[in-house]
Amino acid sequence: MLNLFGKFLRKKLVDREENSTQLNRVLSTLDLTLLGIGSTLGIGVYVLAGSVAKDSAGPAVVISFFVAALASVLAGLCYAEFGARVPKAGSAYVYSYVCVGELIAFIVGWNLIMEYVIGVASVAKGYSGYVDQIFHHELSNAFNAYVPIKVEFLSDYFDAFAFSITIVLTLLLSFGVKESSFVNNFFTALNLGVVIFVIVAGSFYADPKNWALRKEDILNSTANMTSEKVGDGGFAPFGFHGIMKGAATCFYGFVGFDCIATTGEEAKNPQRSIPIAIIFSLLFIFLAYFGISVVLTMMVPYYLQDSEAPLPQAFLRVDFTFGQWVVTAGALFGLSTSLLGAMFPMPRVIYAMASDGVLFKFLAKVHPRFHTPLIATLIAGTFGGLMAAIFRLEALIDMMSIGTLTAYTLVAVCVLCLRYRKDVDGADDIDCTIDSSQTLIKMTSCNYFGQIFNSMRSTRPTELSSAYTNYAVAMYCVITGSFCAVAIFAEDRIIQGSVGPVCALAILGIALILILISLASQPVSRVKISFKVPCVPLIPGLSILANTYLIMKLSGMTWIRFSVWMGLGFLIYAICLLNGTTDKAYALSLENKNKNKRKYSKVSASGFHNKGLMHFRNGKLVDEQHGHNETEMAGYPNGSCDTGTGKDTVSLASAQNRTKTEIRRDVEKNEPPSPISKQVETETIEKSVEFDDGESQEAEAEYPSAEKAAVEAIDFVISEAYKQPVDDSKSKN
């Protein structure tokens, strides 16, 4: 049982500097930005703006899009940091595997598959409905006559058009990323052109009076229009509730940008391109939605909007026929790129999971010619096409939210954990080890609650601070769930001012604030990456809160469908565990860490005993404790003390009576080091070995005394330095 539990918690070993992959690295920052725009800027522009304005928010749909954009930006920032940390295919799945563990990663990955499959199906279904609207419902009438479906919870007919367009784009993706990227960029450019055309041309027909219509005037001017359908009139006819309801729907319009994060193994420079592409794509998407919403609701009153094809109908109402056909063509291009963008991440998440053994291994095969996960692409595309053909659009959209929000929440949690995790690489290891030991000593001699607000003022994360951060984040998630439950299920009583729910909400809110303050006081990781989320822990904390609230607002039927999907996933995962595919994949990752090891790489020995702590740095002997005095190493090539790896730092802890002068004298004389004093106080020594690929493997070796380890480390470092060719002229000088 313990062994099984350990498998659930084991983490993926990934080097963020490693650049090797079987997939082609052909995508630039522009490609990724256009991919994010194309995969997102579809239904939101051509369908959502009109339907939300008519049914939920009225002209205040612009605010609904703004609220949805804020929630998406919070998640986008977290995705951007992880794209810089872990440039691998697989998106939030890989991020969770690296940070949290295998079981949570599988749950996230399985939900991502659901998100992308349903995303493909819903866009294909919307595409079919848009085309059907253009041709006056001739397609639906034909399908209803020849291929009807007589099942209550399914579509009325087999949508052959939605299935066909999905299969065509699946084959396009199978031929290669570069080809599909070119098509995506072309369609996206046309789509953006149409959006600009709508905003510019529509502004000439905009009437600000449509934002200030009175309820009485609306009811008097239209037949068959009830008060429930028009609300109270004005800018926000359905009030704050309608705006937030519209924001929940508009959130669907921003789903898709995370496909950028799945391209870590196909981007030319993923650590730079992924964060930039996510931020810029979200900015462009919001500006497009905002502009379209403003123009659309000023051109046509909100209660007269067409829910299926609002833009063409808007230009038709103002008798601008040319604009109607331009928008119609643009809708086809926009929905095509949205469908392609929705399909793009599906096989890559499946490929990443199958490579790790948590899905069937045959799904990880890469085609030798096209360099794409061909089998995963074909299976995922076919499955998405079948769902589009047999399910209603409303049912597909209802199922999509829970997988998306789960992934967003886990990524935000991972950002918090990694930001405060102890650094384990580079020369800072010795300082972190000493800092950790000193912190432990202080904690045992002072109070056990000092770490809550970092009373020791530690500047680097330690084992203790990292452990506390994990517990604090877990507690934050639990309290967030309680806070959202009270806010949702006692909403009416809170509005009425009932003391019990209000006090409970206030106490939980204060607890959340205190946890965020406590996290903000903890020492922060110094690992350098190309992008970091600003205002941590506030932004990830708000993202967790918003996502949890939306998850708990989902209907009971959505949770039932989600349970069925997860049951199927756990069955597949159990089969992979029993067959040992996960163990084999994990063992292979360990083996890959040790291959191509260089014999003379970085070797360090460090102890808690800090007398005479020294470094060889850039060919100079440095005493870190006594003023950082430096002396050139005579006779060493290029004045460098690296041992063949290009690294310039070797850290060591000398024994108590081994002085800096003695070591310098031995080095300058080009003589083997003299024996080291046996007076050493530390019992534990850490050794680290750095490999070609930049990865590091740490191991702890316990000795009766630290003497043996210190002798081995110092003797090895200096003796290996003497093996290099000696420059006699420099030595004489």
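Flag not set for Ala277, criterion: over 23 Å from the mean Cα position of the chain (by Cα), assigned to a helix (DSSP H, G or I) and surrounded by 24 or more Cβ atoms within 10 Å (Cβ to Cβ). Considering (1) modelled with pLDDT under 85; (2) surrounded by fewer than 18 Cβ atoms within 10 Å (Cβ to Cβ), the lone condition that Asp306 does not fulfil carries the number (2).
Cβ-Cβ contacts under 7 Å between residues 6 or more apart (or on different chains), taken from a first residue in the range 382-397 that is in the same structural domain as Ala124 (by TED's automatic domain parsing) and farther than 9 Å from Phe163 by Cα to a second residue that is among the basic types (Lys, Arg) and assigned to a helix (DSSP H, G or I), are listed as Leu393/Lys125; Leu396/Lys125.
Scan the range 252-260 and tell me whether some residue there is modelled with pLDDT of 80 or more, out of contact with any Phe, Trp or Tyr (no Cβ under 9 Å at 6 or more places or on another chain) and assigned to a loop (DSSP other than H, G, I, E, B). There is at least one residue in the range 252-260 that is modelled with pLDDT of 80 or more, out of contact with any Phe, Trp or Tyr (no Cβ under 9 Å at 6 or more places or on another chain) and assigned to a loop (DSSP other than H, G, I, E, B). Filtering the range 467-508 to residues that are at pLDDT 85 or above and of a type in the set (Val, Ile, Thr) leaves Thr469, Val473, Val478, Ile479, Thr480, Val486, Ile494, Val499, Val502, Ile507.
Could you tell me whether Phe370 is under 23 Å from Ala162 (Cβ atoms), surrounded by fewer than 24 Cβ atoms within 10 Å (Cβ to Cβ) and not hydroxyl-bearing (Ser, Thr, Tyr)? Answer is no for this residue.
Return the pair list, or none, for Cβ contacts closer than 7 Å from residues in the range 139-164 that are closer than 14 Å to Gly126 by Cα to residues that are of a type in the set (Asp, Glu), at least 6 apart or on different chains. Partner pairs satisfying both residue conditions: Leu139/Asp132; Ser140/Asp132. Within the range 301-317, residues that are in contact (Cβ under 8 Å) with a residue 60 or more places away in the chain have Cβ atoms under 7 Å from residues that are buried (at least 24 other Cβ atoms within 10 Å of the Cβ) and outside any helix (DSSP H, G or I) in these pairs: Ala314/Val300, counting only partners at least 6 apart in sequence or on another chain. Only helices (runs of 4 or more DSSP H) whose full extent lies in the range 473-564 are considered here, and the ones with at least 2 residues that are touching a residue at least 60 places away in the same chain (Cβ under 8 Å) are 499-520, 538-552.
Would you say Gly323 is crowded, with 19+ Cβ neighbours inside 10 Å, in the same structural domain as Ala69 (by TED's automatic domain parsing), under 31 Å from the mean Cα position of the chain (by Cα) and assigned to a helix (DSSP H, G or I)? Answer is no for this residue. So for the range 121-137 (the condition being crowded, with 19+ Cβ neighbours inside 10 Å, more than 17 Å from Ile350 (Cβ to Cβ), modelled with pLDDT of 85 or more and among the polar types (S, T, N, Q)), does at least one residue qualify? So far as the range 121-137 goes, yes, one or more of its residues are crowded, with 19+ Cβ neighbours inside 10 Å, more than 17 Å from Ile350 (Cβ to Cβ), modelled with pLDDT of 85 or more and among the polar types (S, T, N, Q).
The values are calculated or read from the model by the stated rules, or taken from the named source; none is laboratory data. What you see is a predicted model, and the numbers here were worked out from it, not measured in a lab. All Cβ positions, glycine included, derive from the backbone under ideal geometry; neighbour counts span all protein chains shown.
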